[in-house]
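Please read the structure below before turning to the comments.
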Amino acid sequence: MKKDHIENPMPSSRFNKVRCAECNEEQIVYSHATTTVACNSCGNTIAEATGSKAKINGQVSGSAE
């Protein structure tokens, strides 16, 4: 029996491309990161863990899907 009326749930988290504010380097960051994420080139903090969604300190330039 088909159940076309039941929708599949979509996740609220995703991977984002974040551009560093200091050096403009792009890095892929999880939207619900549980640790502090530093830039690979300059070491500036890109994302900080909160409790649910991470606080993004750079500019989100799109999703990395």
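Selection of first residues in region 27-47 that are within 21 Å of residue 63 (Cβ to Cβ) and among the acidic types (Asp, Glu) and of second residues that are open to solvent by 10 Å² or more (accessible area, probe 1.4 Å) and assigned to a strand (DSSP E or B), restricted to Cβ pairs under 6 Å at least 6 apart or on distinct chains, gives an empty result. Of all residues being in a loop (DSSP other than H, G, I, E, B) and among the hydroxyl-bearing types (Ser, Thr, Tyr) in region 14-43, which is least open to solvent (accessible area, probe 1.4 Å)? Just the residue, please. Checked region 14-43; the qualifying residue least open to solvent (accessible area, probe 1.4 Å) is 31. Screening region 48-63 for residues that are more than 12 Å from residue 36 (Cα to Cα) and outside any loop (DSSP other than H, G, I, E, B) and picking the one that is most open to solvent (accessible area, probe 1.4 Å) gives 59. Within region 1-34, can you find the residues that are β-branched (Val, Ile, Thr) and within 19 Å of residue 64 (Cα to Cα)? Listed by number, the residues that qualify are 18, 28, 29, 34. Out of 53, 2, one residue alone is basic (Lys, Arg) and modelled with pLDDT under 90. It is 2. Of note, residue 24 does not satisfy the criterion of being modelled with pLDDT under 95, in contact with a strand residue (DSSP E or B) (Cβ under 6 Å, 6 or more places away or on another chain) and not charged (D, E, K, R). Answer with yes or no whether residue 45 is in contact with a Ser or Thr (Cβ under 7 Å, 6 or more places away or on another chain) and of a type in the set (Val, Ile, Thr). Yes, satisfied.
The values are calculated or read from the model by the stated rules, or taken from the named source; none is laboratory data. None of these values were measured; they are calculated from a predicted model. Note that we place each Cβ from the backbone using ideal geometry, even for glycine, and neighbour counts take in every protein chain shown. Note: areas computed on protein heavy atoms with side chains; ligands, DNA, RNA excluded. Shrake-Rupley method; radii C 1.70, N 1.55, O 1.52, S 1.80 Å.
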